[in-house]
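Following: one structure in structure tokens, then a few remarks.
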Amino acid sequence: MTQNRSFLRNFFLHKCLFALTFWNHVSRSMEDEPFTSVSNNFPEDGSNQKIKSLPLLDTKSYQSKVNFDWVVIQNTTESLSLSEITNHNVKKLVALLSNFRQGSRLQNLTLTNVSVDWNALMEIFQTVWHSSIEYFNISSVTQLSEIRRYHFDYSGTSMKALTMKKIQLTDLYFSQDDLYRIFADMNIADMTIADSEMIHMLCPSSKSPFRYLNFLKNDLTDFLFQNCDNLLQLETLILQKNKCESLHKVSFMTSRMRSLQYLDISNNLLRHDGAGVRCQWAESLSELDLSFNQLADAVFECLPVNVKRLSLQSNQISTVPRGMVELKSLEALNLASNRLADLPGCGGFTSLQFLNVEMNSILTPSADFFQSCPRVRELQAGHNPFKCSCELQAFIGLERQSGGKLSGWPAAYVCEYPEGLRGTELKDFHLSQLACNTTLLLVTALLLTLVLVAVVAFLCIYLDVPWYVRMTWQWTQTKRRAWHSPPGDGGPVLQFHAFISYSERDSLWVKEELIPSLEKGEGCIQLCQHERDFIPGKSIVENIINCIEKSYKSIFVLSPNFVQSEWCHYELYFAHHKLFSENSNSLILILLEPIPPYLIPARYHKLKALMAKRTYLEWPKERSKRALFWANLRAAISINLPKADENRCEETD
């Protein structure tokens with residue numbers, strides 16, 4: 001028994017070595033063959049079991065490029081990739097694929113760089129259709145000859161999915177039925193025809209098993225599948241990068257696809273102007289991609305009512321009209337790269353959970369967004385030209401209130417305006433509550449105004465500002481009349497050496513001491529006294545102003561009685577006004593009696609300033625010092641007047 005086992009083992013190894021030697025010989029003899037294939041050309045006498053056991057050839061995947069040699073392989077291969085298929089080696093390919101009948105393990109076939117006649121191409125498809133292959137990918141195909149009708153046998157296939165990319169037709173004049181009918185009636189679940197400049201596709205002749213159709217990057221138009229009733233099982237339809245223009249026609253196309261759930265028609269030329277056109281969408285449609293089209297606000301009049309995920313990115317939408325649409329099932333809405341000026345409300349989107357409004361024209365987003373959209377779990381609003389102002393402060397607070405619902409925070413949220421804050425992240429932008437709270441600002445401004453008014457009123461009362469204003473007005477009016485009066489009619493000509501201002505209680509000293517001492521003797525000093533020199537008919541204030549204007553000096557007899565006199569205050573004010581308006585040294589202060597500071601009212605602040613800055617003559621109590629007092633006073637008012645009143649001097653003498 002042991003010897004028999006040893007004999008069988010040696011015999012088997014001998015056979016394996018023979019097979020390898022045969023393989024090397026065949027490989028060297030086929031070096032000039034431009035096509036590579038996988039074949040099974042052994043007799044059906046059980047020797048397949050021997051070749052199957054060779055570890056070198058027991059593979060699950062095999063890939064072949066140009067100038068690959070013949071390979072002997074059994075049914076263990078699951079994926080096969082071949083390239084450079086031409087009319088010269090297409091029959092060998094068909095012969096190779098014919099060996100993979102149903103029941104074989106080969107499931108995936110990929111062919112690239114195929115350049116064959118129409119009939120050869122159909123023969124490849126027909127062979128694949130009756131093989132064990134389930135997933136067939138063919139790309140970079142050039143059809144060389146005239147397209148003619150081909151009777152395709154769809155029966156008994158294992159095929160599940162067909163993918164064709166970059167198909168080039170050299171025959172420009174052919175019947176659409178001869179070409180498109182072959183693919184429209186394929187009894188498979190998934191079919192992709194991409195990047196092939198396809199201009200049309202027919203409706204299947206009978207109820208189609210298609211569940212997935214992908215026509216990416218072709219030239220399909222609105223006429224696709226119009227009035228087609230045979231795509232009842234279709235769930236996914238991709239028409240990205242085609243030339244569809246009417247959203248209404250697209251909706252009508254889907255209305256008969258009872259199972260359609262996903263439609264991608266992005267990167268087309270879609271428009272919708274409304275105009276009362278009613279759109280008809282498949283009721284089963286739950287996900288719709290309309291991005292990168294030319295749709296405006298009217299698109300919200302033409303949307304499937306049961307859609308859950310909707311993309312309108314990169315269109316021309318400026319606002320989401322309220323009351324125009326009610327999408328109660330909508331959970332995700334993408335409005336990025338449009339022209340929105342504010343966040344849309346959720347009045348018509350009661351189930352909305354995700355919203356993308358990035359790269360719009362939103363300056364100051366509404367702060368009440370999450371209140372109107374309580375179910376939103378994520379908001380993408382970054383990369384907008386935010387205007388950093390008080391209105392934006394409330395939106396910035398949303399990030400803290402929402403618990404991280406702002407996607408991309410903080411890097412995607414940057415100030416664009418004003419220019420001084422450009423580039424500042426919103427998280428670093430802060431304004432005081434007073435600057436942004438209008439009510440608080442108004443209340444604060446009102447309080448400050450009231451305080452200011454109160455302070456001004458207090459100062460006006462304390463400093464007697466209304467009195468000064470009234471006196472200034474009277475002085476201005478008197479000056480104006482004086483300067484506009486004719487010469488010799490009260491004009492501003494000096495007539496007196498000095499005007500005497502005193503309290504009526506000090507009149508005895510003025511009449512018995514001051515006037516006689518100055519008006520008698522040398523020089524004939526002329527004094528202006530209100531009792532004898534005021535002009536009847538004029539107001540007291542006007543007389544005071546005229547007398548001060550016509551006097552070279554103004555003598556003020558200061559005493560506690562003086563600061564209690566209202567008229568003395570007037571006279572002091574006008575004299576002081578003349579002092580500054582004419583830049584003259586016309587004031588003479590005589591302190592008849594000492595004045596305690598506490599007796600001087602607040603409105604006599606000018607008197608306080610004058611007594612502090614100017615030298616005044618103090619009336620001496622000792623008689624021996626009075627001669628010097630009068631001499632100093634005479635010297636202070638000594639001047640030659642242009643017109644002397646000789647009669648007054650004579651009367652004094």
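The values are calculated or read from the model by the stated rules, or taken from the named source; none is laboratory data. Just so we're clear, the structure is a prediction, and the values are computed from it rather than from any experiment. In this analysis, Cβ positions are derived from the backbone assuming ideal geometry, glycine residues included, and neighbour counts consider all displayed protein chains. Side chains included, ligands, DNA and RNA excluded: accessible areas come from the protein's heavy atoms. Shrake-Rupley method; radii C 1.70, N 1.55, O 1.52, S 1.80 Å.
The table below gives the values:
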quantity	calculated
Karplus 3J(HN,Hα) series, Hz, for the stretch 249-259 with 6.51 cos²θ - 1.76 cosθ + 1.60 (x for Gly, Pro)	5, 5, 4, 5, 4, 7, 4, 9, 8, 5, 9
Relative contact order (%) - the stretch 67-196, alpha-carbon pairs under 8 angstrom, separation at least six	21 percent
Among 95-102, 369-376, 421-428, the order from most to least packed when residues are scored by Cβ within 10 Å on average	95-102, 369-376, 421-428
Length released on extending from Glu513 to Lys92, taking residue separation times 0.36 nm less the Cα-Cα span	136.5 nm
Placed amide H near Asn214: partners under 5 Å, 5+ positions off or other chain	Met191, Thr192, Ile193, Ile238
Relative contact order %, the stretch 496-637, counting alpha carbon pairs below 8 Å whose residues are six or more apart	26 percent
Accessible-area composition of the stretch 73-115, carbon plus sulfur, in percent [1.4 Å probe]	43 percent
Radius of gyration, Dmax [the stretch 259-303; alpha carbons; angstrom]	10.9, 29
Stretch gain in nm, segment Arg400-Glu531, where the contour uses 0.36 nm per residue and the Cα spacing is subtracted	38.8 nm
Pairwise FRET efficiency - Gln294 versus Lys427, Cβ, R0 = 41 Å, nearest 0.05	0.65
Accessible area expressed per residue, the stretch 496-637, with surrounding protein chains retained (probe 1.4 Å, Å²)	46 Å²
Cα-Cα pairs of the stretch 247-382 separated by more than 25 Å (percent)	19 percent
Label point 7 Å beyond Cα of Thr438 along Cβ direction - residues of the stretch 383-417 with amide nitrogen under 16 Å	389-395
Whether the stretch 496-637 is rounded, prolate or oblate, judged on the alpha carbon gyration tensor where a/c under 1.5 counts as rounded	rounded
Alpha-carbon centroid distance for the pair the stretch 125-194 / the stretch 307-356, whole angstrom	40 Å
Under 5 Å, built H, 5+ apart or other chain: amide partners of Ser104	Ser132
Which of Leu587, Leu144 is most accessible, then next, and so on - probe 1.4 Å	Leu144, Leu587
Rel. contact order, % - alpha carbon contacts under 8 angstrom, at least six apart, the stretch 287-405	19 percent
Counted charge near Ser311, where neighbours are those whose Cβ lies closer than 11 Å (Asp, Glu -1; Lys, Arg +1)	-2
Alpha-carbon gyration tensor eigenvalues x 5, square-rooted, for the stretch 67-196, Å	23, 17, 13
